[in-house]
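Presented below is the structure to which this report refers.
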Amino acid sequence: MEHRGPQVAHQARVLIFPLAAQGHVNSMLKLAELLALAGLHVTFLNTDHIHDRLLRYTDVRARFAKYPGFLFRTIPDGLEEDHPRAGDRITDVIFSMNEKTKPLLREMLVSGQLGSDESPLVTYIISDGIFGGFTIDVAEELGVPIIHFRTGSASVFWSFLFFPDLIESGELPIRGKEDMDRLIKSVPGMESFLRCRDLPGFCRVSDTSDPLLQLIAQVTQQSRRAQALILNTFDVLEGPVVSRIQSNCCPKIYTIGPLHALLNAKLTNNTNGSEGPSSNSLFDVDQSCITWLNSQPPKSVIYVSFGSITVMTKHDLMEFWHGLVNSKKRFLWVIRPDLVEEEGGAGSVQRELAEATRERGHMVGWAPQEEVLAHPAVGGFLTHSGWNSTLESIVAGVPMICWPYLGDQQINSRFVSEVWKIGLDMKDVCDRKVVEKMVSDLMVEKREEIEKSTAEMARLAKKSVNEGGSSYSNLECLIEDIRLTRR
Ligand code: UDP
């Protein structure tokens, strides 16, 4: 009989720790599932608030129960229960977790709360890069290898690395509206197209000591201390900038995106296509939109969604509504209950608009977005340019109109329109006439031209996640590297 004494090596266990926000949890949970599919033991560390919502709106508990050694664990985010955690206030989550979570994480790692009998010790940490140095401090102290997962694009990470240079050279702060079209010169490779207007909203400050600007500049530099970086992108899309990051900041990079497509490809292979995309939604998904889409002609619908965090005024919402109605196109619009910042939220407006647009429009509080974008009736996407939404649109081959709201979205929309030529950028404008013109350009006038690039990019994205593709192979390397690591 085989002797199983204390000398038997325990299995590797990976801790995955995302920022408490939909886009971050979504992509990092996809990675967690990919690692679990490969047989690794994974602990997914969520904040209590996010985990409650995940359990309320998804089947994650059942979905992950089939993976041996998979654990969900929770940690407080340090905010009051009724904090909105949306709009500009999302930055409170970043500040709070960066300030308060470090000792709790350390305690959880030391006490063994993050492991199981077969794999009691965390042997590898994949931390959200936005946590900057605190997860690295803990990992270094306890001798656990750590990788930073940057949930945004490689181009955004690269430009954030140069924020200290922008400040030092005087390119920041941005000096008012008339300064918005000035080209930024201190981000290598982007000198010819990156304007002040394409930088995140927190760069539009009169004083560069702004806490959020300083925090982002500082946490981005901390990724230099990580053993490697994981990027949710693919080599054909961002290869040159990934090479720059490799030589300047971090030699070891795993580009394994688009993660949702990689996971779908693996699940399809493993289950012979019986399992559809897995949902990590923190909102109540309304499937009625799929029934509605089923009765619409091919590529006739523009899908409108501004992600999980964007908030807007009732005035902006009405400009979008008039623009969409005047464009005479069919539309499917996600109006989250907390999308409108004024008293009363979006609920009553949504009911009114739904009544008035019954013929050509359909509205829901939250959609199964991957499924919607893949639907043959969808011909365009009016988006806030969150990175997950951008990747999902790329894979589905759907051209975009970009109306970025905060953070990395301003840069993403510049790349979509100016570099990849797979959409139009509508940043900084919210006017019914412009909305109408953009929708009609995307769906009619410029459709053929943009569709050529979106179709090609979709083909390349899919190639990268299938066997032999770059992201597929890079994931294999990551899994191998994790397996070989022993504490
Ligand atoms: N999403 C969804 N249904 C919706 C709107 C968004 O499932 O009605 C998902 C979308 O597929 C994406 C995520 O929510 O995966 C939003 O992430 P993103 O990075 O695009 O934006 P954020 O919400 O972080 O601003």
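The values are calculated or read from the model by the stated rules, or taken from the named source; none is laboratory data. Keep in mind that what you see is a predicted model, and the values were worked out from it rather than measured. Every residue, glycine among them, receives a Cβ derived from its backbone with ideal geometry; neighbour counts consider all protein chains shown. Areas reflect the complete protein model, heavy atoms only, side chains present, ligands, DNA and RNA absent. Shrake-Rupley method; radii C 1.70, N 1.55, O 1.52, S 1.80 Å.
Axis of helix 259-271 versus longest Cα principal axis of the chain: the two differ by about 70°, to the nearest ten degrees.
Look at the alpha carbon pairs under 8 Å that are at least 6 residues apart: their mean separation over the length of the chain gives a relative contact order of 16 percent.
Largest to smallest in accessible area, the residues Asp77, Asp92, Asp428 fall in the order Asp428, Asp92, Asp77 (1.4 Å probe, all protein chains included). When Thr91, Thr291 are compared by accessible area at a 1.4 angstrom probe, the order from most to least is Thr291, Thr91.
When peptides 360-368, 14-22, 189-197 are sorted by average Cβ neighbour count within 10 Å, with the highest value leading, the order is 14-22, 360-368, 189-197.
Nonpolar atom fraction for the chain, defined as the carbon and sulfur part of the 1.4 Å probe accessible area, stands at 51 percent. Estimated at the nearest 10 Å², the accessible area of Ser169 is 70 Å² with a 1.4 Å probe. A helix-only calculation puts the chain at -13000 deg cm²/dmol for mean residue ellipticity at 222 nm, using -39500 (n - 2.57) for each DSSP H run of at least four residues, averaged over all residues. In degrees from 0 to 90, rounded to the nearest 10, what is the angle of the helix 102-111 Cα long axis to the longest principal axis of the chain? So the helix axis and the longest Cα principal axis differ by about 40 degrees. Remark: C-alpha extents of region 100-240 on the principal axes read 61, 36, 19 Å, sorted largest to smallest. Think of a 1.4 Å ball rolled over the protein heavy atoms: the chain then has 40 Å² of accessible area per residue.
To the nearest ten degrees, helix 211-222 and the longest principal axis of the Cα atoms of the chain are 50 degrees apart.
Lysine pairs in region 287-444 whose alpha-carbon atoms fall under 22 angstrom of each other, counting only those eight or more residues apart or on distinct chains, come to 16. Averaging Cα coordinates gives a centre for region 47-110 and one for region 419-438; these two points are 35 Å apart. The convex hull drawn around the Cα atoms of the chain, when projected onto a plane and averaged over every direction, covers 23.4 nm². Across region 45-197, the relative contact order, built from alpha-carbon pairs under 8 Å that are at least six residues apart, equals 13 percent.
Just to verify a number: FRET efficiency for Thr91 and Arg56, C-beta to C-beta distance, R0 = 22 Å, to 0.05?
With a Förster radius of 22 Å, E is 0.35.
Heavy-atom accessible surface of Val285, to the nearest 10 Å², is about 40 Å², with a 1.4 Å probe and all protein chains retained.
Accessible area per residue was computed with a 1.4 Å probe on protein heavy atoms; Met108 scores about 20 Å².
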